[in-house]
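Participant: Please see the structure below; I have some questions.
The values are calculated or read from the model by the stated rules, or taken from the named source; none is laboratory data. Values in this document were obtained by computation on a predicted structure and should not be read as measured data. Here the Cβ positions follow ideal geometry from the backbone for every residue, glycine too, while neighbour counts run over all protein chains shown. The area values use the complete protein model at the heavy-atom level, side chains included, leaving out ligands, DNA and RNA. Shrake-Rupley method; radii C 1.70, N 1.55, O 1.52, S 1.80 Å.
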Amino acid sequence: MHGLLRRLAVVLVLAAAAAGLVLAVSAGGRTTSPVSASAPSWLGLVGGPRAATPAGQRTIVVLKTPSVAQRLQQAHYATEAQERSWSTQAVAAQKEVLISLAAHGLQVRPDFSYTRVLDGFSASLDPRAVPLLENDPEVSGVYPARAAFPATTSSQLLSSKEFAEVSGQPDAELPGFEGRGVTIALLDTGVDLDQPYLRGRLLPGYDVVDGGTDAAARANPQDPSELERHGTELAGILAGSNGPGGAHGVAPGATILPIRVAGWQPASDGRERVYSRTDQLIAGLERAVDPNGDGDCHDAVRVALVGVAEPYAGFTDGPEAAAVAGALALDTVVVAPAGNDGSAGPSFGSVAGPAAAPGAVAVAATDTREQLPEVRVVLRRGLDVFFDRDVPLLGVAGPSHSLTLTPVAPASGAAASAFDRKGFSRIAGRAIVTPASSAPETQAAAAADAGAAALVLYGDSLPAGSLRLSRQPAPPVVVVPTAAALELLAAQRAGLDVGIAIGSAHRETNIVRGDVADFSSRGLAFDGSVKPNVAAPGVSIPTSEPGTEPDGSPVFGTVNGTSAAAAIVAGGAALLAEMRPGLDGESLESLLVGYAQPGGASATEAGAGTFRLGASGVGEVAARPTTLGFGIWGGPRWHGTRTLVVRNVSSRRLELSISVVSNVDPEALGFKVTPDRLALRAGAAARVKVRVVAPTAPGPSTVTGDVRVAAQGSQTLHVPWALGFQKPATDLIAHVSLSSHAFSQSDTKPALLTLQAGNVVRQGNAIEVQPVARLDVALYTAGGQYLGLLTRLRDVLPGSYSFGITGRGPTSAPLAPGGYELRLAAWPTLPNDAAPSRATVRFAVTP
């Protein structure tokens, strides 16, 4: 478990300062991203291991002064001049806060200023600024800026003739509608603005990462042959047209506003990596709701697709969530990938940010391929055949005839021992037998470079047809059970004659067609609400790639991941916006989610179900919110009540009946809906209260179901809900230690306070992330007199954190010699379990 905690630790690094507190590098020694322990095999197929990215001191400061979106919610209507005035007032509030910091000797230069979707700014802050800001009455909170990564990976490049034959083609359409007149903001990497598949659909866009005036795909500064791909791929899914065989995106008539919020940026290893930061993402939403940047949001786009995901960041109260809520208030629907980190524990899932935001449409990925490639694999020891079975062919290309090969097991990696001392290949023409890593595409590329005739992986089960290489020819890649592979290698080491036979490729029916893909992140969000909201195809989706073939023709490929699924839903949102232009943002979002097709997947896997654009198009009822979370059961006398706002978005009067269903015995839970029947005229809305009681805890640790709003002669709207019956661990602070309990004041040699915040625990076969909503470190005298807040961390992912105690107080004044206490408090993220974990550390300042 300690090794797992190290893998999942998130380290926040701040430079030394003359304040009473300094945040230092944790035991992990570098910034890391959590990795799913339940489905590691998929990580290489939907993006590979995530590079460590420098967090530095960059934070996001949110102010209490209302943003343009918040003021509009209060006023319901505003002129262009009013919105510009509100934006100016938000900037003025930020300047006041910066002047206040300057009065304490802290000069702060914001990287980004936000006024439309929220009021705040991002900047690299001296640690002394954090307690000052947290105590400023104008500041709502200070939050960390985290890294976000593209949530799909490119697959094998396809020729034009193959493009239209690839299974997984986006299936979302409204006959007669193509998204004309609708603009979709694409918040992702840069886009190939010259791709013929996207001709006429792209605006120049805006570059948040480098501050440019267009969002063209950039080349890797360290390797100009590497172009940013992800934005071009999602753009093709959104609005590609005139492709081979008539292939096209979901909304070929829509206009795409590319906003480059991700791209080549320095990583901790010194290399350039493609990623985004949350402060850049929020800046992208600012531009999406105000494309010309004049402070007036009447030109806000109708749909914003976020192509990146913050791993495991299922927080619902941070600046990303506030920004998404602000965009929705300005009638921009934000669609985001649920994440590619697989399943997780029952209380909290692996949903990424900003998909976890209550206002975002979080999209899971399904596998809709009809057939999957397989090959026959035979393993023998002498004349003894001990394995003979059809196994998944991981690549789309397989052998056209049977292969009989000699196995070889490299000592370390596919290419490490590829040649002997005389320069002869040990691998060429043979079958490499090696454990599957978290990056199987890298293993396959190394095998191809070494001249291997095949790559045989063992260990985790890998999905057929999803490992794709642009290198041709590529050796067939298969996966076999661990026991069989080890038996083969043991026999070879014993000097026995062994061999591997691989048959020609053939296709079999996909028995998991329509299921949620293993890599797709599950809910709940950290406040107990249901995420994802909806599921859509996300495996082997054909689309455009940047660049051209040698003959000048466009390049195509396929992608896997939840951002491909999110692109399909965002394209569908554009079609729905064209079909029903009178819908506001909240109603448009509700129709997208509430009319999905419920299936065998639970609400924590697929939300309301599989995306059904046709049903959304004729939906007559909208509800807000689109999902419900009742939190954690508190005992036999516990009860929970949530409110739905139900709106008639049709042109006729509706008689509505409202009921609740669950996935457990109806007698285990008692629901009361008030009112359970409604009559609403066109355009009218009403509040509905849903109350639940549970005298005893049923078997499942999490119970799910949906609220059903039915109108006679119309489709039924579904609002999925969840109720947890297993409390997360209450101890959110552990392993607290101070390197010295008596020391003199020193800004260069502070005493180190180290602690473990949050938990990563195993729940059955899954890993559960238990974060911290707020971590406070306060200073007291030995007699219990409160001296002030030294620091506060918000939205803390589990990890090891170290604080440098310099012997200065909250105002940076040196502490008088004597005894003191550090009192630590960590609050959980669930709103109905607000008791914090506490710890106390005593120390003395010596003369």
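Participant: Do you know which residues across segment 788-847 are touching a helix residue (DSSP H, G or I) at 6+ places or on another chain (Cβ under 9 Å) and polar (S, T, N, Q)?
Facilitator: Within segment 788-847, Thr791, Ser800, Thr811 qualify.
Participant: Across segment 829-847, which residue is most open to solvent (accessible area, probe 1.4 Å) among those that are charged (D, E, K, R) and assigned to a strand (DSSP E or B)?
Facilitator: Arg838
Participant: Out of Val516, Val569, report the one residue that is among the hydrophobic types (A, V, I, L, M, F, W, C) and modelled with pLDDT of 95 or more.
Facilitator: Val569
Participant: Still on this structure, please answer the following. Report yes if Leu588 is assigned to a helix (DSSP H, G or I) and touching a residue at least 12 places away in the same chain (Cβ under 8 Å), otherwise no.
Facilitator: Yes; evaluated as a whole, the condition is true for this residue.
Participant: Give me the pairs: first residue in segment 522-538 and farther than 15 Å from Ser602 by Cα and open to solvent by less than 10 Å² (accessible area, probe 1.4 Å), second residue hydrophobic (A, V, I, L, M, F, W, C) and in a strand (DSSP E or B), beta-carbon distance under 6 Å, and six or more apart or on different chains, which are they?
Facilitator: What qualifies is Gly538/Ala365.
Participant: Looking only at segment 694-709, filter to residues that are outside any strand (DSSP E or B) and open to solvent by less than 40 Å² (accessible area, probe 1.4 Å); which one of those is farthest from Gln756 (Cα to Cα)?
Facilitator: Of everything passing the filter in segment 694-709, Ala694 is farthest from Gln756 (Cα to Cα).
Rundown of residues vs (1) surrounded by 15 or more Cβ atoms within 10 Å (Cβ to Cβ); (2) over 27 Å from Ala352 (Cα atoms); (3) modelled with pLDDT of 90 or more; (4) of a type in the set (Gly, Ala, Ser), yes/no style:
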| position | (1), (2), (3), (4) |
| --- | --- |
| Ala148 | yes, no, yes, yes |
| Thr153 | yes, no, no, no |
| Ala172 | yes, no, no, yes |
| Pro175 | no, yes, no, no |
| Asp188 | yes, no, yes, no |
| Asp210 | no, no, yes, no |
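The rows are residues; the columns are (1) charged (D, E, K, R); (2) surrounded by 15 or more Cβ atoms within 10 Å (Cβ to Cβ); (3) without any contact (Cβ under 8 Å) to a residue 40 or more places away in the chain; (4) on the phi > 0 side of the Ramachandran plot.
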residue	(1), (2), (3), (4)
Arg687	yes, no, no, no
Val692	no, yes, no, no
Ala711	no, yes, no, no
Gln715	no, yes, no, no
Ala734	no, yes, yes, no
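Participant: Quickly run through segment 574-597 and pick out the residues that are of a type in the set (A, V, I, L, M), more than 23 Å from the chain's Cα centre (by Cα) and buried (at least 24 other Cβ atoms within 10 Å of the Cβ).
Facilitator: Result: Leu575, Leu576, Ala577.
Participant: Within the bounds of segment 540-552, is there any residue that is closer than 30 Å to Trp827 by Cα, open to solvent by 10 Å² or more (accessible area, probe 1.4 Å) and not charged (D, E, K, R)? Give the steps one after another, and end with the answer.
Facilitator: Keep residues of segment 540-552 that are closer than 30 Å to Trp827 by Cα, which gives none.
Taking every residue of segment 540-552 in turn, none turns out to be closer than 30 Å to Trp827 by Cα, open to solvent by 10 Å² or more (accessible area, probe 1.4 Å) and not charged (D, E, K, R).
Participant: Considering only residues of segment 55-91 that are touching a residue at least 24 places away in the same chain (Cβ under 8 Å) and of a type in the set (Val, Ile, Thr), which is surrounded by the most Cβ atoms within 10 Å (Cβ to Cβ)?
Facilitator: The residue in question is Val68.
Participant: With respect to Leu717, determine if the residue is in contact with a Leu (Cβ under 6 Å, 6 or more places away or on another chain), closer than 27 Å to Gly617 by Cβ and not hydroxyl-bearing (Ser, Thr, Tyr).
Facilitator: No, not satisfied.
Participant: Something else now. Which strands (runs of 3 or more DSSP E) sit wholly inside segment 339-392 and have at least 2 residues that are surrounded by 19 or more Cβ atoms within 10 Å (Cβ to Cβ) and in contact with a Leu (Cβ under 8 Å, 6 or more places away or on another chain)?
Facilitator: The qualifying strands (runs of 3 or more DSSP E) are 371-381.
Participant: Which of the following residues is under 26 Å from Ala325 (Cα atoms), aliphatic (A, V, I, L, M) and in contact with a Lys or Arg (Cβ under 9 Å, 6 or more places away or on another chain): Ala254, Ala267, Ala216?
Facilitator: Answer to the selection: Ala254.
Participant: Being of a type in the set (D, E, K, R) and open to solvent by less than 40 Å² (accessible area, probe 1.4 Å) is the filter; apply it to segment 795-828 and report the residue that is farthest from the chain's Cα centre (by Cα). Can you show your working first?
Facilitator: Step one: of segment 795-828, the residues of a type in the set (D, E, K, R) are 795, 808, 821, 823.
From what is left, the residues that are open to solvent by less than 40 Å² (accessible area, probe 1.4 Å) are 795, 821.
Numbers: Asp795: 15, Glu821: 39 Å.
Selected residue: Glu821.
Participant: Which members of segment 94-136 meet the condition of being over 18 Å from Thr791 (Cβ atoms), open to solvent by less than 30 Å² (accessible area, probe 1.4 Å) and assigned to a loop (DSSP other than H, G, I, E, B)?
Facilitator: Matches in segment 94-136: Thr115, Val117, Leu118, Asp119.
Participant: State which residue is farthest from Arg218 (Cα to Cα) when the search covers only segment 228-281 and only residues that are open to solvent by less than 10 Å² (accessible area, probe 1.4 Å) and among the charged types (D, E, K, R).
Facilitator: Asp279
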